[in-house]
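Written below as structure tokens is the structure these notes are about.
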Ligand SMILES: [Zn+2]
């Protein structure tokens, strides 16, 4: 399952008292932006040369995190195309909460 290695690493570093590494992992999105995460999830290893990463960050760890981050959760909204876990079924089509509220407020 995606995110497994990432979570294990956080637990491992917490146990060892390596707070700097725990903090880095918890704030990984500040160091590895979404566009990079998408490339990592596509197995584009050239990202490793472009990013300034600590030497203990392995490709395996990055790939695991990126897969988790870019994974689509929920159902795709018919109107906006975003994935959402909250919404309603309207004529057998899924509408996310955001779009539903938008429509409701227009009436
Ligand atoms: Zn929507």
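The values are calculated or read from the model by the stated rules, or taken from the named source; none is laboratory data. Computed from a predicted model, the values in this text were never measured in an experiment. Cβ coordinates were reconstructed from backbone atoms using ideal geometry, including for glycine residues, and neighbour counts include every protein chain displayed.
Taking (1) at pLDDT 90 or above; (2) touching a helix residue (DSSP H, G or I) at 6+ places or on another chain (Cβ under 7 Å) in turn, residue 70 satisfies each apart from (1). Considering every residue within the stretch 65-82, establish whether at least one is out of contact with any strand residue (DSSP E or B) (no Cβ under 7 Å at 6 or more places or on another chain) and farther than 30 Å from residue 20 by Cα. There is at least one residue in the stretch 65-82 that is out of contact with any strand residue (DSSP E or B) (no Cβ under 7 Å at 6 or more places or on another chain) and farther than 30 Å from residue 20 by Cα. All of (1) within 16 Å of the ligand (Cβ to nearest atom); (2) touching a residue at least 12 places away in the same chain (Cβ under 8 Å); (3) assigned to a loop (DSSP other than H, G, I, E, B) hold for residue 88 with one exception: (3). What number goes with the only condition from (1) in contact (Cβ under 8 Å) with a residue 40 or more places away in the chain; (2) within 16 Å of the ligand (Cβ to nearest atom) that residue 99 does not pass? Looking at each condition in turn, residue 99 falls short on (1). All of (1) exposed (fewer than 13 other Cβ atoms within 10 Å of the Cβ); (2) within 13 Å of the ligand (Cβ to nearest atom); (3) part of a loop (DSSP other than H, G, I, E, B) hold for residue 52 with one exception: (2).
Consider residue 80 carefully, then state whether it is part of a helix (DSSP H, G or I) and within 16 Å of the ligand (Cβ to nearest atom). Steps first, please.
Numbers: part of a helix (DSSP H, G or I): no; within 16 Å of the ligand (Cβ to nearest atom): yes.
For residue 80, the condition - part of a helix (DSSP H, G or I) and within 16 Å of the ligand (Cβ to nearest atom) - is not met.
If you check 69, 7, 23, which single one turns out to be free of Cβ contacts under 8 Å to residues at least 12 places away in the same chain, surrounded by 13 or more Cβ atoms within 10 Å (Cβ to Cβ) and assigned to a helix (DSSP H, G or I)? Step by step, each of 69, 7, 23 is checked, and only 7 is free of Cβ contacts under 8 Å to residues at least 12 places away in the same chain, surrounded by 13 or more Cβ atoms within 10 Å (Cβ to Cβ) and assigned to a helix (DSSP H, G or I).
Return the residue satisfying two criteria in turn: it lies in the stretch 11-20 and is in a helix (DSSP H, G or I) and over 16 Å from residue 53 (Cβ atoms), and of such residues it is nearest to the chain's Cα centre (by Cα). Working first, answer last.
From the stretch 11-20, those in a helix (DSSP H, G or I) are 11-16, 19-20; that's our starting set.
Okay, now just the ones that are also over 16 Å from residue 53 (Cβ atoms), so 11-12, 14-16, 19.
Values: 11: 19, 12: 21, 14: 21, 15: 24, 16: 26, 19: 22 Å.
This residue is 11.
Quick check: is even one residue across the stretch 88-99 under 20 Å from residue 7 (Cα atoms) and surrounded by fewer than 18 Cβ atoms within 10 Å (Cβ to Cβ)? Walk me through it before giving the result.
Of the residues in the stretch 88-99, the ones under 20 Å from residue 7 (Cα atoms) are none.
The answer is no, given that none of the residues of the stretch 88-99 is under 20 Å from residue 7 (Cα atoms) and surrounded by fewer than 18 Cβ atoms within 10 Å (Cβ to Cβ).
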